[in-house]
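One structure is given here, and the rest of the page talks about it.
The values are calculated or read from the model by the stated rules, or taken from the named source; none is laboratory data. Because the structure is a prediction, the values reported are computed rather than measured. When we count neighbours, we look across all protein chains shown, and the Cβ atoms used for this are built from the backbone with ideal geometry, even at glycine. With ligands, DNA and RNA removed, areas are computed over all heavy atoms of the protein, side chains included. Shrake-Rupley method; radii C 1.70, N 1.55, O 1.52, S 1.80 Å.
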Amino acid sequence: MDARDPDLLARVRGGLLDADHVAPHTDADGLAAGALVLRARGQGAGDALLLDRTQTPWGSDPDLPEGTVALLDQGLRPFARPGVIVDHHAPETGSDGAGPKVIALTSFGERPEVPTAPLVCRALGTDAPAWLAALGAYGDLGADGLKLPEAGGTPRAAIAKLAPLVNAPRRLAGGPVRIALALLVEAESPRDALADPRVAVLERARAEYRATFDRVMRTAPRFFGDVAVVRFDVPYQVHPLVATAWMRRLAPRPVLAANDGWVPGRVNFSVRGGDGRDLRELLRAALPDADGELGHGHPAATGGSLPPAEFDRLLDGLAAA
């Protein structure tokens, strides 16, 4: 699949504009991608389909309405709805086309990596606002994302300040994600978005989850084989941040940060670090018959969501590896 093929980009553009529903992921890259599509369709943030922490677009009966779906930045797997998928994560086995009625555009394997928002910008063409592509790229890649051609000419300081604010709402249960999306749909520049009074809501969300992150970072890791495990119970999506922070301290050891409090009845976890091994395969080898989400995403950044008993089995598998 060539993510620069003009015919494919034209088909993706048509799918994005014609879909019955636009369903972006809720981080900065996903929301920027969603804003690009909504603006091109002449729609507002209220028209987006935003899944909450208990919902998934995957499986035979996804948490999606009937009709065609533009699924943005949520992975590339076999999809039970018709529509279009735009994404940069590693495609799952057998999902190169995602389904017979799905148009898939992935930048996985491009160097440098192209996150979803600049990929959407590529599909929509020259009229798409480059600052939204830059926001998504910065959210996933930091300052290196601003070097992508789709992000050219965007003021770095404003993007650097806006990206963590747009990322913040998804880390709270019931956080103000739609407000963040509305800012991106309605603003004409990152400076305009930062000047909007609604930014105060995002700043409060960021302060709230950061206080919890600082507290759980004091949790000492336990070791299961080569893997350091940091486990806690908080109603905030801070486990990816905890895994990344401990990864820097414990390199090159893989770090698994597990949260018993994010989704009721589940253990949600993120895995980062390691010595270059595929972390998805590490998880799948430890729990080959997993009953739940496990080992999706990137080779160096993955995780899952399991019932507590299954998660304990995963730990046993890691310890025995």
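Is it fair to say Arg210 is surrounded by 14 or more Cβ atoms within 10 Å (Cβ to Cβ), of a type outside the set (S, T, N, Q), outside any loop (DSSP other than H, G, I, E, B) and free of Cβ contacts under 8 Å to residues at least 24 places away in the same chain? Criteria met by Arg210. Scanning the stretch 20-47 for residues that are touching a residue at least 24 places away in the same chain (Cβ under 8 Å), open to solvent by 10 Å² or more (accessible area, probe 1.4 Å), small (Gly, Ala, Ser) and out of contact with any Asp or Glu (no Cβ under 9 Å at 6 or more places or on another chain) turns up just one, Gly46. The condition of being among the β-branched types (Val, Ile, Thr), farther than 26 Å from Gly42 by Cβ and in contact with a Leu (Cβ under 8 Å, 6 or more places away or on another chain) holds for only one of Thr106, Thr116, that being Thr106. Candidates Glu92, Glu150: the one that is over 30 Å from Trp262 (Cα atoms) and open to solvent by 10 Å² or more (accessible area, probe 1.4 Å) is Glu150. Every condition in (1) crowded, with 22+ Cβ neighbours inside 10 Å; (2) modelled with pLDDT of 95 or more; (3) out of contact with any strand residue (DSSP E or B) (no Cβ under 6 Å at 6 or more places or on another chain) holds for Arg171 except the one numbered (3). If you go through the stretch 288-299 and keep only what is assigned to a loop (DSSP other than H, G, I, E, B) and either at pLDDT below 90 or buried (at least 17 other Cβ atoms within 10 Å of the Cβ) (or both), you end up with Asp289, Ala290, Asp291, Gly292, Gly295, His296, Gly297, Pro299. If you go through the stretch 54-88 and pick out every residue that is under 18 Å from Thr302 (Cβ atoms) and either surrounded by fewer than 20 Cβ atoms within 10 Å (Cβ to Cβ) or small (Gly, Ala, Ser) (or both), you end up with 3.
Among the residues of the stretch 258-267, the ones that are surrounded by 21 or more Cβ atoms within 10 Å (Cβ to Cβ) and touching a residue at least 40 places away in the same chain (Cβ under 8 Å) come to 4 in all. Residues in the stretch 20-65 that are of a type in the set (Val, Ile, Thr) and not in a helix (DSSP H, G or I): Val22, Thr26, Thr54, Thr56. For the stretch 223-257, filtering for residues that are in a helix (DSSP H, G or I), touching a Gly at 6+ places or on another chain (Cβ under 9 Å), surrounded by fewer than 22 Cβ atoms within 10 Å (Cβ to Cβ) and among the hydrophobic types (A, V, I, L, M, F, W, C) leaves 1. Being in contact with a helix residue (DSSP H, G or I) (Cβ under 8 Å, 6 or more places away or on another chain), at pLDDT below 95, open to solvent by 50 Å² or more (accessible area, probe 1.4 Å) and assigned to a loop (DSSP other than H, G, I, E, B) is a property that Asp275 lacks.
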